[in-house]
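Report on the following structure.
FYI, it's all coordinate maths here, none of it is from the lab. Quick caveat, the model's predicted, so the values are computed rather than measured. With ideal geometry, Cβ positions are generated from the backbone for all residues, glycine too; neighbour counts draw on all protein chains shown.
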Amino acid sequence: MRKTDGVHRRLTVAALLALLALVGCASTHAPPVDPHNIILFIGDGMGVSHVTAARVESGSLNMERLTTGGFLATHAVGSFVTDSAASGTAIATGESTVNGAISVSPAGAPLKTVLEYAEENGMATGLAVTCSITHATPAVFVAHVPDRSDDVLIAEHIAAGGVDVLFGGGLGYFLPASALGSLRKDDRNLIYEMEGEMTIVRTEEEFNELLGRDRSDGERVAGLFYRAHPPVEYERAPSLARLTAGALDILAGDEDGFFLMVEGSQIDWAGHENNSDWIIAETLDFDAAVGIGMDFAERDGRTLVVVTSDHETGGYAVLDGSVAEHRVSRTGFTTGGHSASMVPLLAYGPGSSHLGGIHDNTFLGNALIEHVRSVAR
Ligand SMILES: [Zn+2]
């Protein structure tokens, strides 16, 4: 018995050592699950056909560099077809709500957003968009307002929100009624209120100057380049890709990591217009920004990149063309509004592997919140 016991003990010790070696191996060599940084790209209104048409015309997309994929279902509370406010809220907070609601519950209670969790966890935060910064998709990350059309109130929430980088249009909502170009009816000057804390740039020249100079640690920047919405893709300056590069340049200086949301806002408007050429131009403009994000993530190795959409717009279908000639020749639309079709979900980097598959849009919001709450330092 004694001898057998000894063998037993030696075997048990050997097994334990082997197990410890395995565990040690796993913790030393497995890639980190939690990212240090997150870049979330939202192509507003971008369904599978929008991506298809852009890929045919360009030959390839930066979106193809993302390595995990799936679909998000987009239904809202009480509405089969969502709007950008409800679906944006789902992505920003992990909670479904009613159409029109900006990160509040159907009863009007504020819902905490991934950007707010990121701020709470010491991360730097940013929003870069091709619409007014007060529009639904950027608004859901920082404002809590029952009515998406209340741009004036949304601007006040944004001005008080503590976001480190704000790039887009909508300057008029931040200017007092007495100022040229104001879209407010009161005398609050949100630019003045923010200027103590934020560097404000209004032109491409000022934007370039800002990026070319040394900035103080933690310098916060608002680039509001247009009175309301920026113009279409070929008239916009700086481009969304430039805004993305600028935002990354500023945010990457934060040693606690960052959360950046980049929106291709006007893919949706092109879908509402049932304008296939405009859809393709805006989707490629968005894809160029995705390329900037992927260049950063591939270099950095600690950045989760997610590309998705809030809903499909246009009931858009690609019906004929030539892959060899990079040409889409026949398309169709089934609506001037949104459809209920699922939207693409693409991901790359640490934390991306469990995002694959088919999910409700709230799944993405909850996954992002989980990541920023346990972000790798
Ligand atoms: Zn829309």
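Overview of values
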quantity	calculated
Rg/Rg_ref, region 269-377, where Rg_ref = 2.2 N^0.38 Å and atoms are Cα	1.28
Most mobile listed residue (Ala107, Ala53, Ala247) in the chain, GNM with C-alpha springs under 10 Å	Ala107
Net length gained if the chain between Lys185 and Ser322 were fully extended (0.36 nm per residue, minus Cα distance)	44.1 nm
Calculated diffusion of the chain, Stokes-Einstein form, Kirkwood radius summed over Cα pairs, 4 °C and 1.567 mPa s, µm²/s	60 µm²/s
Of every Cα-Cα pair in region 280-325, the percent that sits beyond 13 Å	71 percent
Neighbour net charge for Gly196 - beta-carbon separation under 13 angstrom, K R +1, D E -1	-3
Percentage relative contact order, the chain, counting C-alpha pairs under 8 Å, at least six apart	30 percent
For Thr199, residues with placed amide H under 5 Å, excluding near neighbours	Arg220, Val221, Ala222
Within a Gaussian network of the chain (alpha carbon springs, distance under 10 Å), most fluctuating of Asp217, Asp44, Asp249	Asp217
Helix-only [θ]222 nm of the chain, DSSP H runs n ≥ 4, -39500 (n - 2.57) each, per residue, nearest 500	-11500 deg cm²/dmol
Per residue Cα convex hull volume in Å³ - calculated over region 210-273	104 Å³
Burial ordering of Phe141, Phe225, fewest other beta-carbon atoms within 10 Å first	Phe225, Phe141
For region 34-373, share of DSSP beta bridges that run antiparallel, in % to the nearest 5	35 percent
Semi-axis lengths (Å, descending) of the ellipsoid that matches the C-alpha gyration tensor of region 161-254	22, 17, 10
